[in-house]
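Visitor: Submitted below is the structure of interest, expressed as structure tokens.
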Amino acid sequence: MGLPRLGDNPSLEVRTMAAVPLTPALATEYAALFQACTVPPRHAAQVTAAAVGLLQHRDRYAALGRDLGIPWHFLAIIHTMECSGRFDRHLHNGDPLTARTTRAPTGRPRQGQPPFTWEHSAADALAMKKLGPGTDWSLPGMLYQFERYNGFGYRLHHPRTPSPYLWSFSNHYTSGKYVADGAWSATAVSKQCGAAVLLKELMARGEV
């Protein structure tokens with residue numbers, strides 16, 4: 001699937017740590033957006049390719065998901081978003097597994113010595129987010145966790161722009177993104193398929 005490209009990789013976007021609770025109103029918003037989500041024809045082939053690509057490693061995602069109490073498709077989609085599906089990259093932010101992370105969050109994983117296995121690093125990243133069997137894995141809950149993983153910078157500071165981390169390549173998103181930490185561009189356009197769009201494609205294929 002190729003290397004992440006500067007400006008497309010969500011690990012470069014603002015990861016706001018402010019608490020945004022999953023309220024009933026927010027859950028309703030997620031559900032409505034998901035229901036109304038469609039893929040314009042110009043993006044159809046890209047969405048298909050992204051879904052087919054992650055399905056090639058379904059067994060590996062499922063094995064880790066069973067150990068951690070996390071749905072395989074959540075792991076697969078986060079891996080696609082953060083690392084372009086590469087197994088030599090940290091799930092935290094796409095940095096190489098040959099060293100601890102150098103971008104935020106820095107110095108991860110704390111335990112063990114590089115080079116790290118993808119599973120070891122992924123487990124650390126997911127533990128940092130406190131994701132596991134007690135997480136709400138309903139549809140709204142999963143969409144919330146996708147947005148939380150990337151950060152709520154769009155929702156808090158640019159509420160008119162639905163997060164491209166979820167909705168890029170869909171009818172909900174046109175333009176506007178963080179092109180570097182804290183650097184906002186109203187005209188920049190994400191070139192990466194959004195997590196919610198990938199999830200809907202997997203559901204349409206009967207994989208979820």
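The values are calculated or read from the model by the stated rules, or taken from the named source; none is laboratory data. None of these values were measured; they are calculated from a predicted model. No Cβ is skipped: glycine too gets one built from the backbone with ideal geometry, and neighbour counts run over all protein chains shown. Surface areas here come from the heavy atoms of the whole protein model, side chains and all, with no ligands, DNA or RNA. Shrake-Rupley method; radii C 1.70, N 1.55, O 1.52, S 1.80 Å.
Visitor: Which one is modelled with the lowest pLDDT among residues in segment 173-188 that are in a loop (DSSP other than H, G, I, E, B) and either in contact with a Leu (Cβ under 8 Å, 6 or more places away or on another chain) or at positive phi (or both)?
Guide: ASP181
Visitor: Taking segment 150-172 as the search range and keeping residues that are surrounded by 23 or more Cβ atoms within 10 Å (Cβ to Cβ) and among the aromatic types (Phe, Trp, Tyr), which one is modelled with the lowest pLDDT?
Guide: TYR154
Visitor: Also, quick follow-up: Being within 22 Å of GLY85 (Cβ to Cβ) and among the aromatic types (Phe, Trp, Tyr) narrows it down to one of TRP118, TRP184, so name that one.
Guide: Sole residue among the options that is within 22 Å of GLY85 (Cβ to Cβ) and among the aromatic types (Phe, Trp, Tyr): TRP118.
Visitor: How about segment 125-174: which of its residues are of a type in the set (A, V, I, L, M) and within 18 Å of CYS37 (Cα to Cα)?
Guide: LEU139, MET142, LEU143, LEU166
Visitor: Kindly list the number of the only condition in (1) in a helix (DSSP H, G or I); (2) under 16 Å from the mean Cα position of the chain (by Cα) that fails for LYS191.
Guide: With (1) in a helix (DSSP H, G or I); (2) under 16 Å from the mean Cα position of the chain (by Cα) applied to LYS191, the lone miss is (1).
Visitor: Here's something else I'd like to know. Could you go through segment 75-91 and let me know if any residue there is within 11 Å of the chain's Cα centre (by Cα) and of a type in the set (D, E, K, R).
Guide: Yes, the conditions are met somewhere in segment 75-91.
Visitor: Could you list, ordered by first residue, the pairs with Cβ atoms under 7 Å in which the first is in segment 29-45 and among the aromatic types (Phe, Trp, Tyr) and the second is part of a helix (DSSP H, G or I), at least 6 apart or interchain?
Guide: TYR30/PRO140; TYR30/LEU143; TYR30/TYR144; PHE34/LEU139; PHE34/LEU143; PHE34/ALA196; PHE34/LYS200
Visitor: Just to be sure, is SER190 in contact with a strand residue (DSSP E or B) (Cβ under 7 Å, 6 or more places away or on another chain) and closer than 18 Å to SER84 by Cα?
Guide: Yes, satisfied.
Visitor: Moving on to the next point. Pick out, from segment 35-117, the helices (runs of 4 or more DSSP H) lying fully within it that include 1 or more residues that are within 18 Å of GLN145 (Cα to Cα) and open to solvent by 10 Å² or more (accessible area, probe 1.4 Å).
Guide: Where helices (runs of 4 or more DSSP H) fall fully within segment 35-117 and carry at least 1 residues being within 18 Å of GLN145 (Cα to Cα) and open to solvent by 10 Å² or more (accessible area, probe 1.4 Å), they are 58-68, 72-83.
Visitor: Moving on to the next point. Cβ-Cβ below 8 Å, separation at least six or inter-chain, first residue in segment 188-200 and open to solvent by less than 30 Å² (accessible area, probe 1.4 Å), second assigned to a loop (DSSP other than H, G, I, E, B) and of a type in the set (Val, Ile, Thr): which pairs?
Guide: Pairs found: VAL197/VAL39; LEU199/VAL208.
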